[in-house]
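Quick notes on the structure that follows.
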2 protein chains.
Amino acid sequence: MSSSPQTSIYDPELSSQESTNSNSDQLETIQKEVIALFVNGVRVLGLPKSVGEIYGLLFISPDPLALDVIVRKLEISKGSVSQGLRFLRNLGAVKPVYVSGDRRDHFTAEAELKKLANGFIRGELNPNLESATLRLDELRAMAKNDKSPNSDFFQERIRRIGNWRRRGGMLLKIVNRFLGRTTRV
Amino acid sequence: MSSSPQTSIYDPELSSQESTNSNSDQLETIQKEVIALFVNGVRVLGLPKSVGEIYGLLFISPDPLALDVIVRKLEISKGSVSQGLRFLRNLGAVKPVYVSGDRRDHFTAEAELKKLANGFIRGELNPNLESATLRLDELRAMAKNDKSPNSDFFQERIRRIGNWRRRGGMLLKIVNRFLGRTTRV
DNA sequence: AGTTTTGTTCAAAAAAAATTGAACAAAATG
DNA sequence: CATTTTGTTCAATTTTTTTTGAACAAAACT
């Protein structure tokens with residue numbers, strides 16, 4: 001940070017470091033379209049656009065990509081990519097891959113539907129189901145002690161929610177079993 | 001807005017019209033808790049809080065409620081309730097009920113899981129699946145004409161997405177069949 | 001016919017969620 | 001061990017979504 005008369009030997013505008021999108025970062029039209037498809041897809045799951053972009057890019061890239069490459073190809077911030085990758089890694093939707101002679105982490109998309117679904121169920125759905133289970137237990141206790149004229153109605157309703165949750169859990173297992181079957185792609 | 005010495009015979013603060021929450025609009029603790037549970041639940045589905053509140057309130061109310069009653073009980077705006085009810089009606093999650101001697105529309109919650117799930121699938125999931133189907137067809141065509149060295153890879157990937165979508169559609173049918181079974185609650 | 005009640009619509013405001021970017025830490029390099 | 005590279009974190013900003021509330025229309029009352 002010392003300021004000698006001519007501090008910088010680089011012209012930021014021309015520096016290859018600063019260049020936002022070198023030739024090799026250009027996406028093919030098909031790639032852009034596939035990414036758009038994923039961006040749309042993850043919206044249904046309630047995930048942010050950047051997550052769809054990152055997963056989509058990795059899915060439609062023949063080779064594993066490093067964080068800074070993703071940043072340049074998608075033209076989104078390093079922070080977004082870092083967070084998005086962490087999220088996708090936690091879900092098991094993205095895998096780190098060792099690339100010899102390069103110390104950056106590289107990532108590929110996990111492309112098996114079963115694994116994707118399982119990751120999503122474990123990471124996003126189950127936690128909600130579990131917290132609902134706890135709350136329901138408390139509710140049942142409250143309803144038992146309730147003295148209002150509606151007490152019976154409340155108990156019926158709470159039983160019903162419990163029933164929903166039970167069937168929801170069963171469904172997740174069924175989904176799991178269905179996706180688990182080996183299919184010839 | 002004319003200002004004669006004593007314009008208003010009403011004191012806005014005391015007027016029963018202005019009163020935000022009359023005695024009968026008070027929710028019981030259990031009701032509040034159930035509503036909170038639903039607010040949480042609909043978040044998983046990517047729906048706004050107000051929709052969860054409205055459905056939850058109707059679900060845990062013994063009698064059908066009119067729009068303005070919902071407004072007072074939940075203390076949210078008329079606009080929100082109007083929009084939320086329309087959305088829930090479109091999904092089939094809420095049913096209009098005729099109440100004799102009252103010209104306001106009244107609503108109850110549809111409490112059958114099968115119907116709720118079907119409504120959600122029809123209203124929220126299927127449209128997405130269908131638009132994805134169209135896009136995929138276009139993608140397949142593009143990939144066929146693609147001349148890049150990655151063409152084969154792209155085609156494999158697009159086939160895979162098609163496979164996912166096919167299995168997704170099958171899953172929705174399975175869910176449907178599973179929830180359709182008559183269960184003793 | 002005028003008034004009130006009921007409900008919808010939509011521009012503006014508020015709230016929530018996602019993204020950025022700069023500061024930082026850790027590891028690798030020379 | 002100083003420097004560079006790589007990646008994370010998080011406060012501030014931007015974008016998106018939701019909510020509000022006032023204007024409006026339609027129907028029902030008097």
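Does A:V81 qualify as being in contact with a His (Cβ under 6 Å, 6 or more places away or on another chain) and within 30 Å of A:N23 (Cβ to Cβ)? In short, no. Among the residues of the range A:152-174, those that are more than 9 Å from chain B (Cβ to nearest Cβ) and of a type in the set (G, A, S) comprise A:G162, A:G169. Answer yes or no as to whether A:V81 is part of a helix (DSSP H, G or I), within 14 Å of DNA strand D (Cβ to nearest atom), at pLDDT 95 or above and within 14 Å of chain B (Cβ to nearest Cβ). For A:V81, the condition - part of a helix (DSSP H, G or I), within 14 Å of DNA strand D (Cβ to nearest atom), at pLDDT 95 or above and within 14 Å of chain B (Cβ to nearest Cβ) - is not met.
This table checks each residue for (1) facing chain A (nearest Cβ under 10 Å); (2) closer than 26 Å to B:R103 by Cβ; (3) away from DNA strand D (no atom under 16 Å from the Cβ).
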| residue | (1), (2), (3) |
| --- | --- |
| B:I35 | no, no, no |
| B:V44 | yes, no, no |
| B:Y55 | no, yes, no |
| B:P64 | no, yes, yes |
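Here is the figure for the range A:101-124: residues that are more than 16 Å from DNA strand C (Cβ to nearest atom) and facing another protein chain (nearest Cβ under 10 Å) total 7.
Yes/no matrix, rows are residues, columns are (1) outside any helix (DSSP H, G or I); (2) away from DNA strand C (no atom under 15 Å from the Cβ); (3) modelled with pLDDT of 95 or more; (4) of a type in the set (D, E, K, R):
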| site | (1), (2), (3), (4) |
| --- | --- |
| B:P12 | yes, yes, no, no |
| B:N40 | no, no, yes, no |
| B:I76 | yes, no, yes, no |
| B:F87 | no, no, yes, no |
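Here the condition is being touching a strand residue (DSSP E or B) at 6+ places or on another chain (Cβ under 6 Å) and within 11 Å of DNA strand D (Cβ to nearest atom); of A:V99, A:V71, it holds for A:V99 alone. Among the residues of the range B:160-182, those that are assigned to a helix (DSSP H, G or I), without any contact (Cβ under 8 Å) to a residue 12 or more places away in the chain and not β-branched (V, I, T) comprise B:R160, B:N163, B:W164, B:R166, B:R167, B:M170, B:L171, B:K173, B:R177, B:F178. Do we find that A:Q31 is surrounded by 13 or more Cβ atoms within 10 Å (Cβ to Cβ), within 11 Å of DNA strand D (Cβ to nearest atom) and either outside any helix (DSSP H, G or I) or of a type in the set (S, T, N, Q) (or both) in this structure? For A:Q31, the condition - surrounded by 13 or more Cβ atoms within 10 Å (Cβ to Cβ), within 11 Å of DNA strand D (Cβ to nearest atom) and either outside any helix (DSSP H, G or I) or of a type in the set (S, T, N, Q) (or both) - is not met. Does the range B:58-67 contain at least one residue that is outside any loop (DSSP other than H, G, I, E, B) and within 9 Å of DNA strand C (Cβ to nearest atom)? Within the range B:58-67, one or more residues are outside any loop (DSSP other than H, G, I, E, B) and within 9 Å of DNA strand C (Cβ to nearest atom).
The values are calculated or read from the model by the stated rules, or taken from the named source; none is laboratory data. Just so you know, these numbers come straight off a predicted model, no measurement behind them. Reconstructed Cβ throughout: ideal geometry from the backbone, glycine too, with neighbour counts over all protein chains shown.
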